[in-house]
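Enquirer: My questions all concern the structure below.
Just so you know, all these numbers are worked out from the coordinates, no wet-lab data involved. From a predicted model like this one, the values you see are computed outputs, not experimental measurements. Cβ placement follows ideal geometry from the backbone for every residue including glycine, while neighbour counts extend to all protein chains displayed.
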Amino acid sequence: MSLALVGTLGLAGCSGQPLSTREEGTLGGAGIGAVGGTIVGAAVGHPLAGAAIGGVLGGGTGYAVGNSMQNQQNANAQTESQVQQQQQEIENQREQIQQLKSQSETE
């Protein structure tokens with residue numbers, strides 16, 4: 001299962017686009033989990049089983065963390081976009097006020 005996960009992410013990485021935070025978290029978690037699982041599995045005489053179990057658990061945890069970070073990044077980007085729109089609207093209103101002042105002074 002961990003090999004399928006790593007293979008899927010590997011193919012996604014070959015698409016030419018950078019990995020998302022979610023994908024990076026999943027891949028990193030799976031790698032760390034597989035290494036940790038191999039160490040624990042070797043201690044009990046089953047390094048491959050330990051690597052597979054560690055990879056799956058690490059991948060799941062990495063996905064959860066990466067997904068949370070990705071969602072936060074998306075929310076921050078949306079907030080930044082709204083702030084920029086509001087700043088543009090303020091600037092437009094300032095220009096309108098300035099135009100009205102100029103018109104009232106010439107009348």
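Enquirer: Quick check: the distance between the Cα centres of the range 17-70 and the range 76-107, to the nearest angstrom?
Expert: 50 Å
Enquirer: Just to confirm a number: summing +1 for Lys and Arg and -1 for Asp and Glu over residues other than residue 73 whose beta-carbon lies under 14 angstrom from that of residue 73, what do you get?
Expert: Once all neighbours under 14 Å are counted, the net charge is -2.
Enquirer: Further question: Work through the residues other than residue 29 whose Cβ is under 15 Å from its Cβ and net out their charges, Lys, Arg +1 and Asp, Glu -1.
Expert: Net charge in that neighbourhood comes out at -1.
Enquirer: Moving on to the next point. Give the residues of the range 65-83 whose amide nitrogen is closer than 17 Å to a point set 7 Å from the Cα of residue 90 in the direction of its Cβ.
Expert: Flagged as within label range: 79-83.
Enquirer: Mind running the shape call on the range 28-94? Use the C-alpha gyration tensor, a ≥ b ≥ c as the square roots of the eigenvalues: rounded below 1.5 for a/c, prolate if a/b tops b/c, oblate otherwise.
Expert: Note, shape of the range 28-94 comes out prolate.
Enquirer: What nm value, rounded to one decimal, do you get for the distance between residue 78 and residue 105 when each label is placed 7 Å out toward the C-beta?
Expert: Modelled inter-label distance: 4.4 nm.
Enquirer: Summing Lys, Arg as +1 and Asp, Glu as -1, what charge do residues with Cβ under 11 Å from the Cβ of residue 63 carry, residue 63 excluded?
Expert: Summing Lys and Arg as +1 and Asp and Glu as -1 gives -1.
Enquirer: Ordered by residue, what ³J(HN,Hα) values in Hz, to whole numbers, does the range 31-38 give under the Karplus form 6.51 cos²θ - 1.76 cosθ + 1.60, where θ = phi - 60° and Gly and Pro are x?
Expert: Result, rounded to whole Hz: x, 5, x, 5, 5, x, x, 5.
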